[in-house]
Number of protein chains: 6
Amino acid sequence: MGIHQYFKSLSDMEKLYRCPGKFKYDEHTVAAHSFKVTKIAQFLGTVEEHHGKTVNWKVLYEKALNHDYPEIFTGDIKTPVKYASAELNQLFIQVEEEMTQKFVKAEFPKEYQEIYLERFKEGKNDSLEGCILSVADKVDLLYESFGEIQKGNPEPIFFEIYQEAVSTILKFKHMDCVKFFLEHVLPDLLNEKFIPHSELNEMTQNLIADIQ
Amino acid sequence: MGIHQYFKSLSDMEKLYRCPGKFKYDEHTVAAHSFKVTKIAQFLGTVEEHHGKTVNWKVLYEKALNHDYPEIFTGDIKTPVKYASAELNQLFIQVEEEMTQKFVKAEFPKEYQEIYLERFKEGKNDSLEGCILSVADKVDLLYESFGEIQKGNPEPIFFEIYQEAVSTILKFKHMDCVKFFLEHVLPDLLNEKFIPHSELNEMTQNLIADIQ
Amino acid sequence: MGIHQYFKSLSDMEKLYRCPGKFKYDEHTVAAHSFKVTKIAQFLGTVEEHHGKTVNWKVLYEKALNHDYPEIFTGDIKTPVKYASAELNQLFIQVEEEMTQKFVKAEFPKEYQEIYLERFKEGKNDSLEGCILSVADKVDLLYESFGEIQKGNPEPIFFEIYQEAVSTILKFKHMDCVKFFLEHVLPDLLNEKFIPHSELNEMTQNLIADIQ
Amino acid sequence: MGIHQYFKSLSDMEKLYRCPGKFKYDEHTVAAHSFKVTKIAQFLGTVEEHHGKTVNWKVLYEKALNHDYPEIFTGDIKTPVKYASAELNQLFIQVEEEMTQKFVKAEFPKEYQEIYLERFKEGKNDSLEGCILSVADKVDLLYESFGEIQKGNPEPIFFEIYQEAVSTILKFKHMDCVKFFLEHVLPDLLNEKFIPHSELNEMTQNLIADIQ
Amino acid sequence: MGIHQYFKSLSDMEKLYRCPGKFKYDEHTVAAHSFKVTKIAQFLGTVEEHHGKTVNWKVLYEKALNHDYPEIFTGDIKTPVKYASAELNQLFIQVEEEMTQKFVKAEFPKEYQEIYLERFKEGKNDSLEGCILSVADKVDLLYESFGEIQKGNPEPIFFEIYQEAVSTILKFKHMDCVKFFLEHVLPDLLNEKFIPHSELNEMTQNLIADIQ
Amino acid sequence: MGIHQYFKSLSDMEKLYRCPGKFKYDEHTVAAHSFKVTKIAQFLGTVEEHHGKTVNWKVLYEKALNHDYPEIFTGDIKTPVKYASAELNQLFIQVEEEMTQKFVKAEFPKEYQEIYLERFKEGKNDSLEGCILSVADKVDLLYESFGEIQKGNPEPIFFEIYQEAVSTILKFKHMDCVKFFLEHVLPDLLNEKFIPHSELNEMTQNLIADIQ
């Protein structure tokens, strides 16, 4: 009853694992994901600003920080269920909103309720800040899935996630920050290498030869 | 495509954690829970049989083993969401059933589809076996929550779960197996003790004194 | 002192890890393994029944559910020790049986002792249900070891385990359920693929090309 | 070599554990801590604004998000070492700054270097935003240590951390957001209870009595 | 095939957990236990030497370092099984010795076999070094069990282990190092306190009062 | 206050992880590392003795056992920081020494202080025992990094660590124990293989063919 409940709920986000049981090498929590998305959005916004766009930073940070907060109430729902029927998805979004509103009204002092109802609304929309959030969310997802593929996780789901992330980012390809990402970041990511085991032997022999 | 997908899905049940992030001392997977519920149902059925009831064992085992299998498709959905609206819950059950049916039709050979559609149906009903399943499911939940409370987990959710488990079991108090549980099992559970830290000191002194 | 001890022992099975320290990607507990073996036995029994055999389902489920329960008393003993000498193995089996009997007599009410002594006996024998258990046990072992090999675990022990599992299953190749497994399940398992890292690059380029 | 290195470094923050080996119940990463501090700072800023202060939100978010980023370079250094000698501490801060500058110059495009050098500077200063960061950082630390104490962790370090966090917050007691915290949040935190084990027994008996 | 197998086996000791599934707060591996026992033996030997005894340090270190190495071959065998019958125990010791000998002969160069056969022998005997090992082994066990009890683990096994550790140490009460332990170490251990939750509230109020 | 603090500090070494967050397959604690280094030093010393050198075993064991003990005070400091400036490194070593001395003087009885101040000194020097420690430390590091590379960890840091370990060992190539290592151990390590996935298919087919 009060902001203490809100502060306490933040540590629940440290315990919500993304795709539980699927990540074998690096697990990701909703808290850490939210942090990374906000940092990525910060960079993307910086690129947009550099290219002459006006970024509403207060709005961008609010969107990025809070974009997954309602998962506190609903937990991890497998995407296929969420989208199994348009009807279910619609109802689901409605329930999520109702629970968020109920929480704000129960725990926040009156004078801050309006502000937080606004902050916890779905952030992805057609505004510049909404588009940056959509891209930042997928950039982090792309890194998460790439991390597993690179280390050899054979779970096909990561291939699908990677593909979906790239596709969604490409929908925003007219944005300067996406152009930057495609030109300067993605190529470096794809150039990341496995350490070929065979090299080890050769390198060792060279080191030994050198010294003799 | 085929029974391989079904067998593979069993190990997904080893990775579905119950109440993820809440259990601090002993985590429980849906696979392990299903095993324990089946073992408990076996004992409860044995008590019923001893008191003259006729247990359809094949049915009882099928119900217990499979009662959480559809969580493969839907993951961990927080109970409050599930029950947030009667409408959502209804739709949710419907989607779960559709996904299960789709899976059986996609992966099982024709000759076994009928059998598995039957096995994956909701098992809790008014039959003796359905009631035993309801009780066994709550007995395991009661043990899971007691384990946390006994070790000092202050999360109020475990108190609520414990309470709900006891209440549900009491709804079946006319059953012989529930009578047995209330008379012979629950008292022993409640008599489990903390090791009082102070005793350690005393015991150590006694041991030292004895030997001198 | 009583069935509470028995119910409590079930959660000990959630904490007994199979081959501790060897599995790097997915760990398996004795509880989860018992669950999976029972589910696999259920399917194998269904195939046998379809081919005209009479399956005693009550017996089959009892054998599968309880086949590793005595590990509660003996923990994880490395196979080489167990079989280091025929004499030790013989003694070991004897001790395991004695401890199980002692437990049943100490904790179970008189009227259920006979039933549980029977249930905790070694389940693998020449009966149809005993053979199904032998196969189901190895099918799960095969999946466990394959999971590690596929993800790149270089520990030779998993190759040995895989080989031993296949060999044991082949001893029952006259059974209809084994024929089904060899024809319809094993080939799908072996067709599981690694995600070739190189594909990622190509797929990404294609996605980018498509959209331009 | 580019922003890819910067984005990759974000997931390193998911692997930096705070006080490694000390937290027994809930572990905290630098990424999750940064997220929580930013969310807390958001609330504290909202309170300040409500009381007539002008908050530079862009600056506040930048300070909060980035305040522990340089730990990427220096890892977890035990506080006693850091402060063992004023000289060492001074040198240490200097090295941290040099490594951050080197990183920005090596990985960021020229046009963004100035901006990021600014963002990665020490954020705690006498500005309103700097003070909010100082408070937010300690509020999260207070929650982290309280979580351990409440669950029974006897490690004296958490008592010390809790004490230090409260003391530091009290240094800012003239701020409206700290007044709010002391009046409305801290009392609720301190009212959090252990679940008294004895209550369980009583509650169970009541439930049983009620139903008869 | 060679010393590489021996070096590799050392990392197997990092994966052998003591009492797997029982420790809830701090898990202990056989490698870490061996390290701690050797460090404790070093201190106990230092006390003995100070009181005029002649310690054969080379022997003491060899005994302490290697005292659990044969667990590589036999894994974790529950104590009750080991001692279920004198006959089984005898056979068990014999098998352990045979496996150790077989390993040494298979992997060690001829010139070092004699030395390692000696080093891997049971180290606990009536010599001063053998007695120090017996005490050091139990001192570490005592710390391990105390750590769980202090943090609130209600598992009775830790009470039994603690008791057994104290009792065994007391059998050597004539030794100077045991006198030192009983007088100077054990009392400090028993004076370790829980942080009383109630104190938190009081302390906080005091801090607040002080500053006003 | 007393040796109890010293004994307690040993279990802190079980919680200090080496390169936290980097090892994906096998994590290593400072306690386990110290154990393995001591065991490796034991073997290397045995080789030296066999070739006519006089090993001071007491000194060698003391050096190996205690070589990382001061990390208790300083935790995990990233190597780049440690060596970022000669000045910082110098100061850092000084602080480490001061903290160790302070600890010995605070916790050890007077009569043992001299001995432990000596034991906790930096052990790597030009003596035979100092050189053996340098080699043993790197041999374990080499095994740790090889373990990750072999299992497919693409983190370049392990390649660098491996390389650095080999290079350092080669600096001592005139020692008999290093000659032994290069001739008899390293080649076996490099011959360790991945289990080629393709073999599985073939082997399975062969097994099936054989039996028909």
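Brief remarks on what is shown
- Segment E:1-73, relative contact order in percent, only Cα pairs under 8 angstrom and at least six apart counted: 31
- Note on surface exposure: C:99, F:175 rank C:99, F:175 by accessible area, highest first, 1.4 Å probe.
- Residue B:125-residue B:26 FRET efficiency (beta carbon distance; Förster radius 41 Å; 0.05 resolution): 0.85
- The largest accessible area among D:186, A:182 belongs to the first residue in A:182, D:186, and the rest follow in falling order (1.4 Å probe, all chains).
- With a threshold of 27 Å on the Cα-Cα distance, the over-threshold entries among C:8/D:36; B:53/B:110; C:15/C:102; B:151/F:78; E:15/F:82; B:105/F:24 are C:8/D:36; B:53/B:110; B:151/F:78; E:15/F:82; B:105/F:24.
- Cα centre as origin, Lys/Arg/Asp/Glu Cβ charges: chain A dipole, Debye: 340
- GNM remark for chain A: springs join alpha carbons under 10 Å apart, and the peak mean-square fluctuation among A:145, A:127, A:34 falls on A:127.
- Chain A residue nearest by beta-carbon to the axis mapping A to F, with distance in Å: A:152, 3.
- Relative contact order (%) - criterion: Cα under 8 Å, at least six apart; region: segment E:32-118: 22
- The E-F contact accounts for approximately 4600 Å² of buried accessible area, totalled over both chains at a 1.4 Å probe radius.
- Local charge for residue C:42 was computed over the other residues whose Cβ lies under 9 Å away, with Lys and Arg +1 and Asp and Glu -1, and equals +1.
- Among the residues of segment D:64-106, those with an accessible-area drop of 50 Å² or more from chain alone to full protein complex, heavy atoms and 1.4 Å probe, are D:65, D:78, D:81, D:88, D:91, D:95.
- Applying 1/(1 + (r/R0)^6) with r as the Cβ-Cβ distance of residue F:51 and residue E:51 and R0 = 35 angstrom yields a FRET efficiency of 0.40.
- Nearby aspartates and glutamates by direct alpha-carbon distance to residue A:121 (threshold 14 angstrom, same-chain neighbours under 8 apart not counted): A:62, A:68, A:71, A:96, A:97, A:98, A:129
- Between 0 and 90°, nearest 10: helix A:57-66 axis offset from chain A longest Cα axis: 80
- Along segment C:162-179 the Karplus relation, 6.51 cos²θ - 1.76 cosθ + 1.60 evaluated at θ = phi - 60°, assigns HN-Hα couplings of 4, 4, 5, 5, 4, 4, 5, 4, 5, 4, 10, 5, 6, 6, 4, 5, 6, 4 Hz to successive residues, with x for each Gly and Pro.
- Sorting D:107, F:48, F:87 by accessible area puts them as F:87, D:107, F:48; the probe is 1.4 Å, largest comes first, and only protein heavy atoms count.
- Positive-pole candidate from F:91, F:59, F:154, dipole of chain F, charges at beta carbon: F:91
- Across the accessible surface of segment A:3-210, with the other protein chains kept in place and a 1.4 Å probe, carbon and sulfur atoms take up 50 percent.
- The Cα trace of the protein assembly as shown gives Rg and Dmax of 31.4, 90 Å, the first to one decimal, the second as a whole number.
- Between F:90, F:150, F:163, the Gaussian network model of chain F with springs among Cα atoms under 10 angstrom shows the greatest mean-square fluctuation at F:90.
- The other copies place their residue E:53 label points at 3.2, 6.5, 6.5, 6.5, 7.6 nm from this one, listed shortest first, where each point is 7 Å from Cα along Cα→Cβ.
- Under a Gaussian network description of chain E, with springs only between Cα atoms under 10 Å, the residue in E:60, E:170, E:189 that fluctuates furthest is E:189.
- Table column - 3J(HN,Hα) (Hz), segment E:130-143, Karplus curve with 6.51, -1.76, 1.60, x for Gly and Pro: x, 5, 4, 4, 4, 5, 4, 4, 7, 4, 5, 4, 4, 5
- With a simple spin-label model that places each label point 7 Å from the Cα along the Cα-to-Cβ direction, the separation between residue A:157 and residue B:101 comes to 2.5 nm.
- Average 1/r across all pairs of distinct alpha carbons in chain A, invert it, and you get the Kirkwood radius: 19.6 Å.
- Relative contact order [Cα under 8 Å, 6+ residues apart], chain E, whole percent: 24
- Inter-copy spacing of residue C:89 label points, which lie 7 Å from Cα along Cα→Cβ, given in nm from shortest upward: 2.6, 5.5, 5.8, 5.8, 6.8
- Around the Cα centre of the protein assembly as shown, unit charges on the Cβ atoms of Lys, Arg, Asp and Glu (plus for the first two, minus for the last two) sum to a dipole of about 0 debye.
- Residues of type aspartates and glutamates that residue E:179 reaches as a straight line, Cα spacing below 13 Å, ignoring anything fewer than 8 places off in the same chain: E:48
- Förster radius 60 Å - calculated FRET efficiency between residue C:113 and residue D:114 (Cβ-Cβ, nearest 0.05): 0.15
- Helix E:197-211 and the longest principal axis of the C-alpha atoms of chain E enclose an angle of approximately 50°.
- Label-point separation, residue E:83 to residue F:209 (7 Å along Cα→Cβ), nm: 5.6
- For chain F, the solvent-accessible area with a 1.4 angstrom probe is 41 square angstrom per residue.
The values are calculated or read from the model by the stated rules, or taken from the named source; none is laboratory data. Only a predicted model underlies this, so the values are computations on that prediction, with no experimental measurement involved. Quick reminder, even Gly has a Cβ in these numbers, built from the backbone with ideal geometry, and neighbours come from all protein chains shown. Accessible surface is based on the protein model in full, side chains and every heavy atom, while ligands, DNA and RNA are left aside. Shrake-Rupley method; radii C 1.70, N 1.55, O 1.52, S 1.80 Å.
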